[in-house]
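Just so you know, all these numbers are worked out from the coordinates, no wet-lab data involved. Just so you know, these numbers come straight off a predicted model, no measurement behind them. Quick reminder, even Gly has a Cβ in these numbers, built from the backbone with ideal geometry, and neighbours come from all protein chains shown.
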Amino acid sequence: MSAQVAHLTSARFGEPLPVVAVPTNCPGCGVGLDEDELRGNCYVCECGHHFRMHAQAWIALLADGGTWQERWADVRPHDLLDWRRPKPYEETLEQARDEGLNEAVRTGTAELAGRPVWIAVFDFRFVGGTLSIVAGERLARGLEQAAMTRTPYLLITASGGARMQEGVLALMQMAKVNAAVGRLHRAGVPYFSVLTDPTFGGVSASLALMADLTVAEPGAAIGFTGARVIKQATYADLPPGFQSAEFQLAHGQVDLVVPRTELRPRLAKLLELYTR
Amino acid sequence: MSTAHRPDTLSVWQVVELARHPDRPYTLDYLARMVPDFVELHGDRLTGDDPALVAGIGTWHGQTTIFMGNQKGRNLADRLRRNWGMMHPEGYRKAMRLAEQAVKFGFPIVSLVDTPGAYPGAAAEERGIAAAIAGAIMAWFEVPVPVVACIIGEGGSGGALGLAVADRVLMMENSIYSVASPEAAASIVWRDNARKVEAAEQLQVTSRDLLAMGVVEEVIAEPRGGAQTDYDGAARVLDEALWRHVSQLQQESGERLVEHRYDRFRYIDSLIGAHPHFGPKID
């Protein structure tokens, strides 16, 4: 295991993962965590619990060292609806920027095991990874470029859905990105999506589940409506594991459940199969 | 916009309540007046039939047209059967089955949206509601016949969008269209769905808001007092507006239609701020 992980995160393929904030104890097994060890194991606990990773960590995990070129990082969100309560949207945005975050989707080009790819990564830290106008714009532009240049497209999701503070314009992003996904498909370009914890609402009901190949991370919660809202709306008792990656695999919604430590070589192999 | 549009006389929440008025005309009320020979068709050919979506075929302005629309119930038994207009995956798959038929025969499509959202229940999740909506949204971009949608009551969330990826999207004057129902949005941002009125105000869900944002092409003025007071009058103005758009779109080639539909949604957020009437209605 450790040799393989070292290979995955080695300078030759990817860069060492940046630090990801984790709790002191694992929510999966309750054991106290050794942060360095965890980092060396792609933020997967020995018990199998997969910690959420931010966009930079995903890029470091998947892009070959030095190949990542981010695009449209300068496209910035604005408060178009004058959203004020419970917190002004401008304040929410400023706070996220102060923490060094740049929108819920980062996108650009890279190589994965020597093959050129477009990568788009959701960052759950930015307003819950919500689909916004800027997120939708970055996704749509990348998808269009990928279709035009016939470059495989790789999506990593982590999102609560559409961003409430942008109202119906956030909803419209679902159509905007799916239109672009359609172009990618018609151009015959491979599209893989990796669903991480959590993937819900406007993201699962738009581009996340429209890939040629949908991979989910073990234990990731994936669905349309969140369990809390389902319970509220229907008073239903939900079975353990409801909406987990394994549940979605059993219900025919994803192709594969792949541990993060094995993700990179699996994607490289699949990319080879689809681009031969 | 029609001069008969009187948005300023009602509060946002009053509009929400009109959009949800239990006597408001539903899809079948409109179809009974617009398409006397309407034949409802059933089933998605995979799992079942979704009574929350009525879909079928009939003669409209002298030509065969595919109609689909959400149907809420009038009494408790009916509401239960129609699931309050909240669709399961079967509904979206039925819609796209009929859209494929429209393509095969070159029929235009009219879609009437009236749903609080897709069904937020376990059965919908188990049968892939997210993929059903996503697949419908993507498939609408490859339908080379005229598609006109109208929000006739509630247009809630992705569940509504799955039926509203059209060349023209219209709204009845007292309808609402939103990223999430006001209750769901309040539950998300406040963790308290009792803040629904504030949520509705901030979300900007009325027909005037949507027109100002450039998300819909036209607002259809309702009979005085709202569509629930005059079904015949409401059906007349809806019919007139839908036909005006469909007949215009029929001048375009299928290729141009899908090209324009792509651009419509690709750049739909570019008009924000360009309209003088657009702005928040809270202090």
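Out of the GluC sites (Glu not before Pro) in the range A:64-167, which ones are loop residues according to DSSP with at most 16 other C-beta atoms within 10 Å? Show your work: numbers first, answer last.
On the way: sites: A:Glu70, A:Glu90, A:Glu91, A:Glu94, A:Glu99, A:Glu103, A:Glu111, A:Glu137, A:Glu144, A:Glu166; in loops: A:Glu99, A:Glu103.
In loop regions of the range A:64-167 (DSSP not H, G, I, E or B), the sparsely surrounded GluC sites (Glu not before Pro) are A:Glu99.
Taking the Cβ-Cβ separation of B:Tyr267 and A:Lys269 as r and a Förster radius of 41 Å, what is the calculated FRET efficiency to the nearest 0.05? After rounding, the FRET efficiency stands at 0.60. Couplings 3J(HN,Hα) of the range B:116-126, computed from phi: x, x, 5, 5, x, x, 4, 4, 5, 5, 5 Hz, in residue order, whole Hz [Karplus 6.51 cos²θ - 1.76 cosθ + 1.60, θ = phi - 60°; x for Gly and Pro]. The count of lysine pairs in chain B with alpha-carbon distances below 29 Å, taking only pairs 8 or more places apart or on different chains, stands at 4.
Other chains' Cβ within 10 Å of A:180-190 residues: what's the mean? Numbers along the way, then the final one.
Numbers: counts 5, 4, 8, 3, 0, 2, 2, 0, 0, 0, 0.
Counting Cβ atoms of other protein chains within 10 Å of each residue's Cβ and averaging gives 2.
Relative to one another, the C-alpha centroids of the range A:187-215 and the range A:124-152 are positioned 12 Å apart.
Within the listed set A:Tyr89, A:Tyr43, A:Tyr191, the residue fluctuating most in the Gaussian network model of chain A (springs between alpha-carbon atoms under 10 angstrom) is A:Tyr89. Normalised Debye scattering of the protein assembly as shown at q = 0.09, 0.11 Å⁻¹ gives log10 I(q)/I(0) of -0.64, -0.95, counting only Cα atoms as equal scatterers and leaving out solvent. Mean per-residue shielding of peptide B:259-267 is 4, counting Cβ atoms of other chains within 10 Å of each Cβ.
Going by C-beta contacts inside 10 Å, put A:Asp123, B:Asp49 in order with the fewest on the left. Write down the numbers at each step before the final one.
Values: A:Asp123 26, B:Asp49 17.
So the residues, fewest neighbours to most, are B:Asp49, A:Asp123.
Each principal axis of the Cα cloud of the range A:63-121 was taken in turn, and the coordinate range along them, longest first, works out to 47, 20, 16 Å. Comparing B:Ala166, B:Leu210, B:Tyr267 along the charge dipole axis of the range B:143-283, the residue lying farthest to the positive side is B:Tyr267, per the Cβ-charge model. Sparsely packed loop sites in the range A:139-220 (the trypsin sites (Lys or Arg not before Pro) outside DSSP H, G, I, E and B with at most 10 other Cβ atoms within 10 Å) do not occur.
With an 8 Å Cα cut-off and a minimum separation of 6 or more residues, compute the relative contact order for the range A:1-160 in percent.
About 19 percent, as a whole number.
How would the range A:176-276 be classified by its alpha-carbon gyration tensor: rounded, prolate or oblate, with rounded meaning a/c under 1.5 and the a/b versus b/c comparison settling the rest? Write out the running numbers ahead of the final one.
Values: a/c = 3.06, a/b = 1.54, b/c = 1.99.
It comes out oblate by the Cα gyration axes.
Gain on full extension, evaluated as 0.36 nm per residue between B:Gln101 and B:Leu80 minus their Cα-Cα distance, stands at 4.6 nm. The shape of chain A comes out rounded: with a ≥ b ≥ c from the C-alpha gyration tensor, a/c is under 1.5. Using DSSP, restrict attention to beta bridges with both residues in the range A:177-276 and report what percent are antiparallel, rounded to the nearest 5. Expressed as a percentage, antiparallel bridges in the range A:177-276 total about 10. The GNM of chain A, with springs linking C-alpha atoms under 10 angstrom apart, assigns the highest mean-square fluctuation among A:Gln95, A:Gln165, A:Gln173 to A:Gln95.
Other chains near A:219-226: what is the mean number of their Cβ atoms within 10 Å of each residue's Cβ? Display every interim value, and only then the final one.
Values: counts 0, 0, 0, 2, 7, 17, 13, 3.
Counting other chains' Cβ atoms within 10 Å and averaging over A:219-226 gives 5.
What would the Debye equation give as log₁₀ I(q)/I(0) for the range A:13-170 at q = 0.09, 0.15, 0.16, 0.17 Å⁻¹, counting only Cα atoms as equal point scatterers? Per q value, in the given order, log10 I(q)/I(0) is -0.34, -0.87, -0.96, -1.04.
Here the range A:206-261 is described by how far its Cα atoms reach on the three principal axes: 35, 24, 17 Å, from widest to narrowest. Taking a ≥ b ≥ c as the square roots of the eigenvalues of the alpha-carbon gyration tensor, chain B is classed rounded because a/c is under 1.5.
How big is the antiparallel share of DSSP beta bridges in the range B:11-166, given as a percent to the nearest 5?
On the way: 11 of 21 bridges.
DSSP beta bridges in the range B:11-166 are roughly 50 percent antiparallel.
Placing unit charges on each Cβ (+1 for Lys and Arg, -1 for Asp and Glu) gives the protein assembly as shown a dipole about its Cα centre, and among A:Thr107, B:Val197, A:Leu213 the Cα reaching farthest toward its positive end belongs to A:Leu213. In percent, rounded to a whole number, the relative contact order of chain B is 18, using alpha-carbon pairs under 8 Å and six or more apart. Of interest is the spacing of the C-alpha centroids, which for the range B:68-88 and the range B:188-264 amounts to 21 Å.
Sort A:Cys42, B:Cys150, A:Cys47 so that the residue with the fewest other Cβ atoms within 10 Å of its own Cβ comes first and the one with the most comes last. If you can, show how the numbers build up before the last one.
Values: A:Cys42 24, B:Cys150 27, A:Cys47 11.
Placing the least packed residue first, the sequence is A:Cys47, A:Cys42, B:Cys150.
Each of B:Val148, B:Val39 was scored by other Cβ atoms within 10 Å of its Cβ. Listed from fewest to most, they are B:Val39, B:Val148.
DSSP assigns beta bridges within the protein assembly as shown; of those with both partners inside it, close to 40 percent run antiparallel. Remark: spin-label model distance A:Asp34-B:Arg191 equals 3.5 nm, labels positioned 7 Å along the Cα→Cβ axis. Set the Förster distance to 30 Å, then compute FRET efficiency between B:Glu142 and A:His251 from the Cβ-Cβ distance, nearest 0.05. Plugging the Cβ-Cβ distance into 1/(1 + (r/R0)^6) gives 0.70. Here the spin labels are modelled as points 7 Å beyond Cα on the Cα-Cβ line, and at B:Glu240 and A:Arg276 they lie 6.4 nm apart.
In this structure, A:Arg228 and A:Lys87 have a Cβ-Cβ separation that, at R0 = 25 Å, corresponds to a calculated FRET efficiency of about 0.75.
Under a Cβ-Cβ cut-off of 13 Å, what is the net charge of the residues other than A:Gly219 that fall near it, where Lys and Arg count +1 and Asp and Glu count -1? List each step's numbers first, then the result.
Numbers: positive: A:Arg52, A:Arg260; negative: A:Asp197, A:Glu217, A:Glu246.
It works out to a net charge of -1.
The relative contact order of chain A, computed from alpha carbon pairs under 8 Å that lie at least 6 residues apart in sequence, is 14 percent.
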